[in-house]
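**Student:** Below is one structure. I have some questions about it.
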Amino acid sequence: MKQLKTPYYLINEHMLLKNLKIMKYIKEYSGTKLLLALKCFSTWSTFDLISKYMDGVTSSSLYEAKLGYYKFKKENHIFSVAYSDNDIQLLKHISDKIIFNSISQLELFYRTLQKSQIGLRINPGVSYSKFILADPSQKYSKLGVNSTKEVISVLNKISGVMFHYNCENANYQSFSTMLDKISLKYCSILQNVQWVSLGGGVYFTKKGYPLDKFCQKLKDFSNQFKVQIYLEPGEAVVTNSCELITTVLDVVKNIKEIAIVDTSVAAHMPDLLIYRSSAKINNNNLGRYNYIIAGQSCLAGDIFGEYKFETILKPGSIIRFQDTAGYTIVQKNWFNGLKMPSIAIMKLDGNIKIIKKFSYIDFLNSLS
Ligand SMILES: Cc1ncc(COP(=O)(O)O)c(C=O)c1O
């Protein structure tokens with residue numbers, strides 16, 4: 001990797017494939033269709049591989065939907081909190097399913113679309129999320145229709161419904177219990193649609209997840225209501241399949257040793273700041289040398305975490321942050337004008353291909 005200077009994201013296709021094989025298993029044993037959530041990961045250079053194992057993508061905006069249409073080229077779904085008239089005029093030609101968030105938007109646009117294209121998001125009032133920011137059933141949530149009666153009143157205009165109620169949920173029992181509640185509460189709706197999306201947020205690629213029980217549960221639901229189920233995983237598809245590789249630029253001391261790396265949480269892994277969590281790194285955290293690893297931006301709180309190393313860190317030491325594919329590459333930004341990490345892929349044959357390098361010109365063009 002001599003040609004590639006840090007910082008760079010290194011996507012590992014071998015690790016990605018491990019997750020994709022789980023997708024294949026779920027598809028085969030439950031009949032569920034799996035859609036990659038582009039909001040989580042949309043590095044399209046990997047789509048040739050991902051599209052062999054997944055049925056399509058789901059988007060949150062017109063641009064993501066266009067990306068899915070031109071680059072993934074399989075089933076193309078979209079759910080947006082609100083659409084403009086212009087969005088719908090363009091989306092109707094490229095989307096297999098357009099899922100509305102409200103009855104008012106459904107009423108506004110349904111005549112323009114075919115019934116088979118139209119879905120409605122329901123807020124089931126149950127959810128699993130450790131973070132209030134990502135909890136779709138929180139009090140006053142803007143997400144989905146709450147009233148069962150209202151959904152029933154528009155059943156003649158839709159072909160399917162969506163419930164997104166999980167976030168990093170590795171607990172099968174809670175997924176299953178909530179699905180039972182949904183089955184009971186929305187029985188009369190579920191009997192009158194052709195497809196149901198259960199959204200994303202189920203962490204079924206986590207080691208030890210009871211895949212067979214999960215598949216059986218999905219199969220039972222699909223048989224009970226005679227519906228095609230869709231899942232919209234993002235994080236589960238790309239978990240553990242990418243590193244952010246960085247170099248220590250300086251080590252300063254303020255009671256503790258602080259190693260400053262040539263990247264930034266705020267600019268290159270902003271989800272860590274949003275959810276107040278630490279980055280994972282590739283050491284066992286057992287060494288004798290303790291360091292806070294801080295980002296290069298001006299923010300005092302731009303900190304990856306505090307770790308123990310077996311060797312002393314000095315300028316030039318390499319730090320590899322783990323599990324940096326989901327909600328990371330899609331969210332990187334030009335804060336402080338910091339050098340944006342390049343993107344490289346380790347292909348299945350072990351060769352590393354650099355797919356993107358950013359320069360001052362990209363920074364310039366992102367501004368005006
Ligand atoms: C509607 C919807 N579908 C799918 C996802 C993907 O979730 P995850 O990446 O946690 O699987 C999200 C995430 O917020 C979502 O809101």
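The values are calculated or read from the model by the stated rules, or taken from the named source; none is laboratory data. These numbers come from a predicted model, not from an experiment. We place every Cβ from the backbone using ideal geometry, glycine too, and count neighbours over all the protein chains shown. Heads up: the accessible areas ignore ligands, DNA and RNA and are worked out on the full protein's heavy atoms, side chains in. Shrake-Rupley method; radii C 1.70, N 1.55, O 1.52, S 1.80 Å.
**Student:** Output the number of the condition that Trp44 fails; it satisfies all remaining conditions of (1) out of contact with any Phe, Trp or Tyr (no Cβ under 6 Å at 6 or more places or on another chain); (2) within 16 Å of the ligand (Cβ to nearest atom).
**Tutor:** With (1) out of contact with any Phe, Trp or Tyr (no Cβ under 6 Å at 6 or more places or on another chain); (2) within 16 Å of the ligand (Cβ to nearest atom) applied to Trp44, the lone miss is (2).
**Student:** Considering only the stretch 13-43, how many residues are buried (at least 21 other Cβ atoms within 10 Å of the Cβ), more than 14 Å from Gly200 (Cβ to Cβ) and touching a Cys at 6+ places or on another chain (Cβ under 7 Å)?
**Tutor:** Number satisfying all stated conditions: 1.
**Student:** Check Ile88 against each of (1) within 30 Å of Lys142 (Cα to Cα); (2) open to solvent by 10 Å² or more (accessible area, probe 1.4 Å); (3) more than 16 Å from the ligand (Cβ to nearest atom) and name the one condition it does not meet.
**Tutor:** Going through (1) within 30 Å of Lys142 (Cα to Cα); (2) open to solvent by 10 Å² or more (accessible area, probe 1.4 Å); (3) more than 16 Å from the ligand (Cβ to nearest atom) one by one, Ile88 breaks only (2).
**Student:** Can you tell me which residues in the stretch 250-260 are more than 29 Å from the chain's Cα centre (by Cα) and either open to solvent by less than 10 Å² (accessible area, probe 1.4 Å) or without any contact (Cβ under 8 Å) to a residue 60 or more places away in the chain (or both)?
**Tutor:** Of all residues in the stretch 250-260, those more than 29 Å from the chain's Cα centre (by Cα) come to 250-259.
Passing the criteria: Val252, Lys253, Asn254, Ile255, Lys256, Glu257, Ile258, Ala259.
**Student:** Hey, another quick one. Looking only at the stretch 261-278, filter to residues that are open to solvent by less than 30 Å² (accessible area, probe 1.4 Å) and not β-branched (Val, Ile, Thr); which one of those is nearest to Lys5 (Cα to Cα)? Show your work before the answer.
**Tutor:** Start the filter on the stretch 261-278 by keeping residues that are open to solvent by less than 30 Å² (accessible area, probe 1.4 Å), which leaves 261-270, 272.
Imposing the further condition that a residue be not β-branched (Val, Ile, Thr) reduces the set to 262, 264, 266-270, 272.
On the way: Asp262: 10, Ser264: 16, Ala266: 20, Ala267: 17, His268: 16, Met269: 18, Pro270: 21, Leu272: 24 Å.
Once the filter is applied, the top-ranked residue is Asp262.
**Student:** Check the stretch 68-79 and report whether any residue there is touching a residue at least 60 places away in the same chain (Cβ under 8 Å), farther than 30 Å from Asp262 by Cβ and in contact with a helix residue (DSSP H, G or I) (Cβ under 9 Å, 6 or more places away or on another chain).
**Tutor:** Let us first name the residues in the stretch 68-79 that are touching a residue at least 60 places away in the same chain (Cβ under 8 Å), namely 77, 79.
From what's left, farther than 30 Å from Asp262 by Cβ: 77, 79.
Now drop any that are not in contact with a helix residue (DSSP H, G or I) (Cβ under 9 Å, 6 or more places away or on another chain), which leaves 77.
So far as the stretch 68-79 goes, yes, one or more of its residues are touching a residue at least 60 places away in the same chain (Cβ under 8 Å), farther than 30 Å from Asp262 by Cβ and in contact with a helix residue (DSSP H, G or I) (Cβ under 9 Å, 6 or more places away or on another chain).
**Student:** A further question follows. If you take the residues of the stretch 101-111 that are touching a residue at least 24 places away in the same chain (Cβ under 8 Å) and touching an Asp or Glu at 6+ places or on another chain (Cβ under 9 Å), which of them is surrounded by the fewest Cβ atoms within 10 Å (Cβ to Cβ)? Steps first, answer last, please.
**Tutor:** Narrowing the stretch 101-111 to residues touching a residue at least 24 places away in the same chain (Cβ under 8 Å): 101-103, 106-107, 109-110.
Going one step further and asking which of them are touching an Asp or Glu at 6+ places or on another chain (Cβ under 9 Å), we end up with 103, 109.
Working: Ile103: 16, Phe109: 19.
Step by step, filter the stretch 101-111, then rank; the result is Ile103.
**Student:** Something else: Picking from Ile318, Ile312, Ile281, which residue would you name as being open to solvent by 80 Å² or more (accessible area, probe 1.4 Å), aliphatic (A, V, I, L, M) and touching a residue at least 40 places away in the same chain (Cβ under 8 Å)?
**Tutor:** Details: Ile312 fails: touching a residue at least 40 places away in the same chain (Cβ under 8 Å); Ile281 fails: open to solvent by 80 Å² or more (accessible area, probe 1.4 Å).
Being open to solvent by 80 Å² or more (accessible area, probe 1.4 Å), aliphatic (A, V, I, L, M) and touching a residue at least 40 places away in the same chain (Cβ under 8 Å) holds for just one of Ile318, Ile312, Ile281, which is Ile318.
**Student:** Now for a different question. Answer yes or no as to whether Asn336 is on the phi > 0 side of the Ramachandran plot, outside the structural domain of Ser42 (by TED's automatic domain parsing) and at pLDDT below 95.
**Tutor:** Details: on the phi > 0 side of the Ramachandran plot: yes; outside the structural domain of Ser42 (by TED's automatic domain parsing): yes; at pLDDT below 95: no.
Answer is no for this residue.
**Student:** While we're here: Check off (1) hydrophobic (A, V, I, L, M, F, W, C); (2) within 16 Å of the ligand (Cβ to nearest atom); (3) farther than 21 Å from Gln322 by Cα for Cys215 and give me the number that stays unchecked.
**Tutor:** The failed condition is (2).
**Student:** So, Leu286, is that one modelled with pLDDT under 95, open to solvent by 50 Å² or more (accessible area, probe 1.4 Å) and assigned to a helix (DSSP H, G or I) or not?
**Tutor:** On the way: modelled with pLDDT under 95: yes; open to solvent by 50 Å² or more (accessible area, probe 1.4 Å): yes; assigned to a helix (DSSP H, G or I): no.
So Leu286 does not fit the description; no.
**Student:** If you take the residues of the stretch 179-206 that are over 12 Å from Val161 (Cβ atoms) and within 16 Å of the ligand (Cβ to nearest atom), which of them is surrounded by the fewest Cβ atoms within 10 Å (Cβ to Cβ)?
**Tutor:** Lys206
**Student:** Additional query: Among the residues in the stretch 199-211, are any assigned by TED's automatic domain parsing to the domain that holds Ser45 and farther than 30 Å from Leu10 by Cβ? Give the steps one after another, and end with the answer.
**Tutor:** Of the residues in the stretch 199-211, the ones assigned by TED's automatic domain parsing to the domain that holds Ser45 are 199-211.
Within this subset, residues satisfying the condition of being farther than 30 Å from Leu10 by Cβ are 210.
Checked the stretch 199-211: at least one residue is assigned by TED's automatic domain parsing to the domain that holds Ser45 and farther than 30 Å from Leu10 by Cβ.
**Student:** Turning to a different aspect of this structure: I'd like the residue in the stretch 92-110 that is part of a loop (DSSP other than H, G, I, E, B) and away from the ligand (no atom under 13 Å from the Cβ) and, out of all such residues, is nearest to Asn169 (Cα to Cα). Before the answer, list the steps.
**Tutor:** Start the filter on the stretch 92-110 by keeping residues that are part of a loop (DSSP other than H, G, I, E, B), which leaves 95-96, 101-102.
Still in the list and also away from the ligand (no atom under 13 Å from the Cβ): 95-96, 102.
Working: Ser95: 28, Asp96: 28, Ser102: 26 Å.
Filtering the stretch 92-110 for residues that are part of a loop (DSSP other than H, G, I, E, B) and away from the ligand (no atom under 13 Å from the Cβ), the one nearest to Asn169 (Cα to Cα) comes out as Ser102.
**Student:** Out of (1) open to solvent by 10 Å² or more (accessible area, probe 1.4 Å); (2) touching an Asp or Glu at 6+ places or on another chain (Cβ under 8 Å), the odd one out for Ala170 is which?
**Tutor:** Condition not satisfied by Ala170: (2).
**Student:** Under 21 Å from the mean Cα position of the chain (by Cα), near the ligand (Cβ under 9 Å from one of its atoms) and hydroxyl-bearing (Ser, Thr, Tyr), is that true of Tyr209? Steps first, please.
**Tutor:** Details: under 21 Å from the mean Cα position of the chain (by Cα): yes; near the ligand (Cβ under 9 Å from one of its atoms): no; hydroxyl-bearing (Ser, Thr, Tyr): yes.
No.
**Student:** Here's something else I'd like to know. Out of the stretch 121-138, which residues are modelled with pLDDT of 90 or more and within 10 Å of the ligand (Cβ to nearest atom)?
**Tutor:** The answer is Arg121, Pro136.
**Student:** Scan the stretch 230-249 and give yes if some residue there is closer than 30 Å to Ser183 by Cβ, assigned to a strand (DSSP E or B), touching a residue at least 40 places away in the same chain (Cβ under 8 Å) and open to solvent by less than 80 Å² (accessible area, probe 1.4 Å), otherwise no.
**Tutor:** So far as the stretch 230-249 goes, yes, one or more of its residues are closer than 30 Å to Ser183 by Cβ, assigned to a strand (DSSP E or B), touching a residue at least 40 places away in the same chain (Cβ under 8 Å) and open to solvent by less than 80 Å² (accessible area, probe 1.4 Å).
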